[in-house]
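Peer 1: Next up is a structure, given as structure tokens.
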Amino acid sequence: MSKSDKDGFTTGNLHNDRRDKPEHGVLHKAIHTSVAYSYDDARDLAKVFQGKMPGYNYGRQQNPTVNALQSRITRMEGGLTSTAFATGMAAVGSTLFALLRAGDHVVCSAFLFGNTNSLMNTFRNFGIEVSFVDTTNAENVNAVIQDNTRLVFTETIANPVTQVADLEGIGELCKQHKLIYVVDNTMTSPWLFQPKTVHASFIVNSLTKYIGGHGNALGGMLTDTGLFDWTEFPNILDLYKQGDPAMWGTTQVRKKGLRDFGATLGPEAAHHLAVGSETLPMRMDRASQNAQQLAEFCQAHPHVKRVFFPGLSTHPQYDRAKRLFKKPGAIMSIELADDVDCFDFLNKLRCVVTSSNLGDTRTLAIPVAHTIFFEMGAERRASMGIGDNLIRLSVGIEDIEDLLADFAQALA
Ligand SMILES: *Cc1c(COP(=O)(O)O)cnc(C)c1O
């Protein structure tokens with residue numbers, strides 16, 4: 001049995017569960033469905049509740065199957081520890097809920113995932129100030145930092161126009177101003193990019209997308225990189241200022257976020273996500289490669305007006321994406337020519353599926369303005385560069401010849 005932390009990304013991932021002496025020598029961590037845990041000595045139960053002894057008390061807070069998945073993702077991200085949630089949104093929402101207070105100020109990307117954008121607006125109703133800025137340039141973040149700024153939130157590659165954030169520049173700023181730096185790594189996944197390298201404090205991954213990878217289970221993960229100094233952060237309750245200060249933030253998220261809000265990841269979903277995660281590098285490499293070829297094909301096609309993909313040399317952050325990410329990812333958008341009806345185009349596709357998800361093994365396409373970004377209205381859409389004929393593609397791992405043929409016939 002390998003116990004070496006020197007194992008590569010995939011080797012370590014595949015054998016991670018076995019290192020923890022699993023029951024009966026099983027290769028997969030078992031799906032533990034028990035909600036409660038028993039103790040022979042009642043004093044031990046008390047110690048677990050008081051945080052004086054590691055152990056399980058109740059399924060809303062901890063579960064062995066979920067813990068195994070947390071340990072895998074921590075390894076993938078090179079982090080200190082991770083906390084799983086029922087969905088990616090639960091991870092984002094519970095974290096902000098646990099760490100922010102009325103009167104705080106948050107800076108976030110103006111090109112956020114639609115539901116995260118909506119959530120940020122909800123926090124405004126609870127007395128938290130939110131500034132939306134173009135995070136492709138750290139100067140825009142710097143310009144809005146105030147005394148009460150506590151946290152900066154950005155995604156690596158934005159959806160659907162694929163802007164690549166100034167991840168290094170914002171990391172420097174956060175370090176300098178002692179701000180919590182949250183990077184949503186969903187679009188890149190830890191295989192293409194590790195936000196710890198740009199000094200992120202927390203990393204969010206929607207496991208529903210590339211890490212699970214098959215569109216068959218929801219999940220979210222918050223990974224603490226251990227880089228943030230919690231001793232100077234004003235919102236940590238005295239109750240949680242115990243033990244290693246590196247854990248204070250995560251402790252508060254686990255108590256106030258996971259325990260009190262209760263958006264817990266279930267063991268069955270954790271199992272599906274863990275199995276899916278085993279092939280993350282292979283899927284991501286193949287999908288990225290397919291996306292590159294498809295982007296080049298679409299860019300040369302007369303019925304496509306514009307292609308948004310960080311792997312094209314015409315992309316405004318092409319150099320940055322190349323420097324930071326192993327590959328440019330598999331999310332791209334195409335703006336069809338004005339005389340092409342986007343619904344007719346989608347209906348003609350044979351192997352590409354019209355669907356809202358992303359990060360599946362199958363290629364998925366969605367008319368953005370009419371669906372996932374419909375609720376925010378035409379004005380905000382225009383400001384985000386989202387036209388009515390924009391199609392977002394989550395490129396899958398099909399044979400590239402079939403994808404190119406499908407696009408060729410649907411665009412003809
Ligand atoms: C999908 C997604 C989320 C939310 O994840 P769910 O698991 O669907 O809740 C958050 N951020 C990004 C970038 C996403 O694509």
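Peer 1: Enumerate the strands (runs of 3 or more DSSP E) found wholly within region 118-212, keeping only those where 3 or more residues are buried (at least 24 other Cβ atoms within 10 Å of the Cβ).
Peer 2: On the way: elements: 129-133, 149-155, 180-184, 202-206.
So the answer is 149-155, 180-184, 202-206.
Peer 1: Determine if region 253-275 includes at least one residue that is of a type in the set (S, T, N, Q), assigned to a helix (DSSP H, G or I) and under 22 Å from ALA86 (Cα atoms).
Peer 2: no
Peer 1: What pairs come up if the first residue lies in region 112-125 and is not assigned by TED's automatic domain parsing to the domain that holds MET376, the second is hydroxyl-bearing (Ser, Thr, Tyr) and within 10 Å of the ligand (Cβ to nearest atom), and their beta carbons are under 8 Å apart, counting only those six or more places apart or on different chains?
Peer 2: PHE113/THR186
Peer 1: Scan region 217-228 for residues that are over 23 Å from ARG323 (Cβ atoms) and more than 10 Å from the ligand (Cβ to nearest atom) and jot them down.
Peer 2: Quick first cut of region 217-228, residues over 23 Å from ARG323 (Cβ atoms) only: 217-222, 224, 226, 228.
Of everything in region 217-228, those that are over 23 Å from ARG323 (Cβ atoms) and more than 10 Å from the ligand (Cβ to nearest atom) turn out to be LEU222, ASP224, GLY226, PHE228.
Peer 1: Sort out which residues of region 309-347 are under 14 Å from MET187 (Cα atoms), out of contact with any Phe, Trp or Tyr (no Cβ under 6 Å at 6 or more places or on another chain) and part of a strand (DSSP E or B), and write them in order of number.
Peer 2: Residue satisfying the conditions is ILE331 alone.
Peer 1: Report yes if some residue within region 244-266 is of a type in the set (A, V, I, L, M), in contact (Cβ under 8 Å) with a residue 60 or more places away in the chain and closer than 23 Å to LEU358 by Cα; otherwise report no.
Peer 2: Step one: list which residues in region 244-266 are of a type in the set (A, V, I, L, M), which gives 246-247, 253, 258, 263, 265.
Now narrow it down to the ones that are in contact (Cβ under 8 Å) with a residue 60 or more places away in the chain: 246-247, 253, 258, 263, 265.
Keeping just the survivors that are closer than 23 Å to LEU358 by Cα gives 263, 265.
Yes, region 244-266 contains at least one residue that is of a type in the set (A, V, I, L, M), in contact (Cβ under 8 Å) with a residue 60 or more places away in the chain and closer than 23 Å to LEU358 by Cα.
Peer 1: Are there any pairs, at least 6 apart or on different chains, whose C-beta atoms fall under 6 Å, with the first in region 342-353 and closer than 22 Å to ARG306 by Cβ and the second assigned to a helix (DSSP H, G or I), and if so, which?
Peer 2: Filtered contacts from region 342-353: PHE345/ALA410; LYS348/ALA410; LEU349/ASP406; LEU349/ALA410; VAL352/ASP406.
Peer 1: Is it the case that region 240-248 has a residue that's surrounded by 24 or more Cβ atoms within 10 Å (Cβ to Cβ), touching a Ser or Thr at 6+ places or on another chain (Cβ under 8 Å), not aromatic (Phe, Trp, Tyr) and not assigned by TED's automatic domain parsing to the domain that holds PHE374? Show your work before the answer.
Peer 2: Looking only at region 240-248, we keep the residues that are surrounded by 24 or more Cβ atoms within 10 Å (Cβ to Cβ), and these are none.
No, the conditions are met nowhere in region 240-248.
Peer 1: Give the residue that is farthest from the ligand (Cβ to nearest atom), with candidates limited to residues of region 180-196 that are of a type in the set (A, V, I, L, M) and within 27 Å of ASP285 (Cβ to Cβ). Quick ask: steps written out before the conclusion?
Peer 2: Just the residues of region 180-196 that are of a type in the set (A, V, I, L, M), to begin with: 180, 182-183, 187, 192.
Add one more test, that the residue is within 27 Å of ASP285 (Cβ to Cβ), and what stays is 182-183, 187, 192.
Details: VAL182: 11, VAL183: 10, MET187: 6, LEU192: 14 Å.
Step by step, filter region 180-196, then rank; the result is LEU192.
Peer 1: With respect to LEU358, determine if the residue is closer than 17 Å to GLY215 by Cβ, within 16 Å of the ligand (Cβ to nearest atom), part of a strand (DSSP E or B) and aliphatic (A, V, I, L, M). Steps first, answer last, please.
Peer 2: Values: closer than 17 Å to GLY215 by Cβ: yes; within 16 Å of the ligand (Cβ to nearest atom): yes; part of a strand (DSSP E or B): no; aliphatic (A, V, I, L, M): yes.
So LEU358 fails the test.
Peer 1: Taking region 133-152 only, how many residues are touching a Ser or Thr at 6+ places or on another chain (Cβ under 7 Å) and within 16 Å of the ligand (Cβ to nearest atom)?
Peer 2: Total meeting the criteria: 1.
Peer 1: Looking at HIS177, HIS214, HIS199, which is the one that is at positive phi and either more than 16 Å from the ligand (Cβ to nearest atom) or not aliphatic (A, V, I, L, M) (or both)?
Peer 2: Details: HIS177 fails: at positive phi; HIS214 fails: at positive phi.
So the residue among HIS177, HIS214, HIS199 that is at positive phi and either more than 16 Å from the ligand (Cβ to nearest atom) or not aliphatic (A, V, I, L, M) (or both) is HIS199.
The values are calculated or read from the model by the stated rules, or taken from the named source; none is laboratory data. What you are looking at is a predicted structure, and each value in this text was computed from that prediction instead of being measured. Heads up, the Cβs are rebuilt from the backbone with ideal geometry, glycines too, and the neighbour counts pull from every protein chain shown.
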